[in-house]
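*Asks:* Sharing a structure below in structure tokens format, with a few things to ask.
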Amino acid sequence: MKNRFFFLFIFLSFNFSLFSQKGLPIKVNDSKIKPLMSFTNKNLQVNLEKELNGNPEWKRLIANKKMAVGVVDLSNPNMVKYASVNGNHMMYAASLPKIAILLAAMDAIEKGELKETQTVKNDMRIMISKSNNAASTRMIDRVGYDKIEQVMTDPKYMFYDEDRGGGLWVGKRYGGGGNTNREPLKNLSHAASVNQVCRYYYLLAHGKLVNEKRSKQMLEIMADPDLHHKFVSTIEKIAPNATLFRKSGSWKTYHSDSILVWGNDPSRRYILVALIDDSNGEQIIRSLVKPIEKALKAKAVPSKTNTKGR
């Protein structure tokens, strides 16, 4: 009888934790917030690779390091799972790295280095929701390249880490003109890797970018995107009631997207990031959502048992 009550308690506690997460930031004990790479999950990795490599075009792009994908399963806040392909491969990411400007600006506001005027708040919003280049350039000019680099390489975050292939970087204005501050590994002006972008969203979802107040503010800025393409185009059809937090980018053959999906059903709560260097990149990104959700919901892959001699 005691065992029954014990297992009932565990079951109820698990479900309460799962369904009590109504909104963001995610409410868990700080001891549960660990480095994202520590949540790398073998089964999710196998299922992700199966879905991606099942498409010959995607398999070719991945093999040539022209496609990188990362996914974080947030369906159970106490059991986060992560998987990626070409996770540390940094690529040109166009407007996606504007999230680095947003974080640098929030850090500067919190430290009293930048005044939080209505004009600044408006620029931060349209920089993300509309990917407005003029607003992005104004924000770059306000905070400066040194500040953006300092925040991206801050030991608290390490969103740009030379020992792990680089990551998030903004070293050029959006719209031309002015000085540049390109990243040191590949001389890119606007760069990202899926591992670092997934880490950004993971910490944001837990209220750990600057602090909980600023994380909430950033979530509000990134919610309800005004551009309805790429990931958003598909997710709005299959999950119209899910809340979406997002930033994408495109330039020539470079297409990128990053999104935090927060569905009413806990089974549809995840982070998805894709970087693609291909003329068909936008359509590929649209087509990624369903296979990724399939990988997230797939059952664990059974391990092979050696039956020799039996």
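The values are calculated or read from the model by the stated rules, or taken from the named source; none is laboratory data. On a predicted model such as this, the values are computed, not experimentally measured, just so you know. Cβ coordinates were reconstructed from backbone atoms using ideal geometry, including for glycine residues, and neighbour counts include every protein chain displayed. Ligands, DNA and RNA are stripped out before the accessible areas are found, and what is left, the full protein with its side chains, is counted by its heavy atoms. Shrake-Rupley method; radii C 1.70, N 1.55, O 1.52, S 1.80 Å.
*Asks:* To the nearest 20 debye, what is the magnitude of the charge dipole of the chain about its Cα centre, counting +1 on the Cβ of each Lys and Arg and -1 on the Cβ of each Asp and Glu?
*Replies:* Numbers: 48 positive and 29 negative charges, 232 e Å.
Dipole about the Cα centre, nearest 20: 1120 debye.
*Asks:* How large is the accessible surface per residue of the chain, computed with a 1.4 Å probe and reported in Å² as a whole number? Write down the numbers at each step before the final one.
*Replies:* Values: 14800 Å² over 310 residues.
It amounts to 48 Å² per residue over the chain.
*Asks:* Another question, if that's okay. Rounded to whole Hz and in sequence order, give me ³J(HN,Hα) for segment 83-93 from the Karplus expression 6.51 cos²θ - 1.76 cosθ + 1.60, θ = phi - 60°, writing x for Gly and Pro.
*Replies:* For segment 83-93, the Karplus curve yields 8, 7, 10, 6, x, 9, 7, 7, 9, 5, 10 Hz.
*Asks:* Next up: Along the charge dipole of the chain, Cβ charges K/R +1 and D/E -1, which of Leu114, Met79, Leu61 sits furthest on the positive end?
*Replies:* Met79
*Asks:* Let me ask another. In degrees between 0 and 90, to the nearest 10, how far off the longest principal axis of the chain does helix 281-297 point, with axes built from Cα atoms?
*Replies:* That works out to roughly 30 degrees.
*Asks:* Taking the simple approach of a point 7 Å from Cα along Cα-to-Cβ for both Ala298 and Ser279, what is their distance in nm?
*Replies:* Result for the modelled spin labels: 3.1 nm.
*Asks:* How would you order 182-195, 92-105 from highest to lowest mean count of nearby Cβ atoms within 10 Å?
*Replies:* On the way: 182-195: 20.9, 92-105: 26.8.
Taking the mean over residues of other Cβ atoms within 10 Å, the ranking is 92-105, 182-195.
*Asks:* Pop out the carbon and sulfur fraction of the accessible area of the chain as a percent, whole number, probe 1.4 Å.
*Replies:* On the way: 7570 of 14800 Å².
That fraction is 51 percent.
*Asks:* Counting Lys and Arg as +1 and Asp and Glu as -1, each charge on the Cβ, what is the dipole of segment 155-310 about the Cα centre in debye, to the nearest 20?
*Replies:* 620 debye
*Asks:* Modelled label-to-label distance, Lys156 and His228, 7 Å Cα→beta-carbon offset: nm?
*Replies:* Calculated label separation equals 3.8 nm.
*Asks:* So, R0 is 30 Å and r is the distance between the beta-carbons of Phe39 and Ala134; what FRET efficiency does that work out to, to 0.05?
*Replies:* Details: r = 38 Å, r/R0 = 1.28.
Calculated transfer efficiency: 0.20.
*Asks:* Which label marks the calculated value of Rg/Rh (Cα atoms, Kirkwood Rh), given the options (1) 0.99; (2) 1.06; (3) 0.97?
*Replies:* This structure yields the entry labelled (1).
*Asks:* Which residue, Gln150, Gln283, Gln118, tops the fluctuation ranking in a GNM of the chain built on C-alpha contacts under 10 Å?
*Replies:* Evaluated over the chain, the most mobile residue of the options is Gln118.
*Asks:* How much mean residue ellipticity at 222 nm does the chain get from its helices, if each DSSP H run of length 4 or more adds -39500 (n - 2.57) and you divide by all residues, to the nearest 500 deg cm²/dmol?
*Replies:* The helix-only estimate for the chain comes to -13000 deg cm²/dmol at 222 nm.
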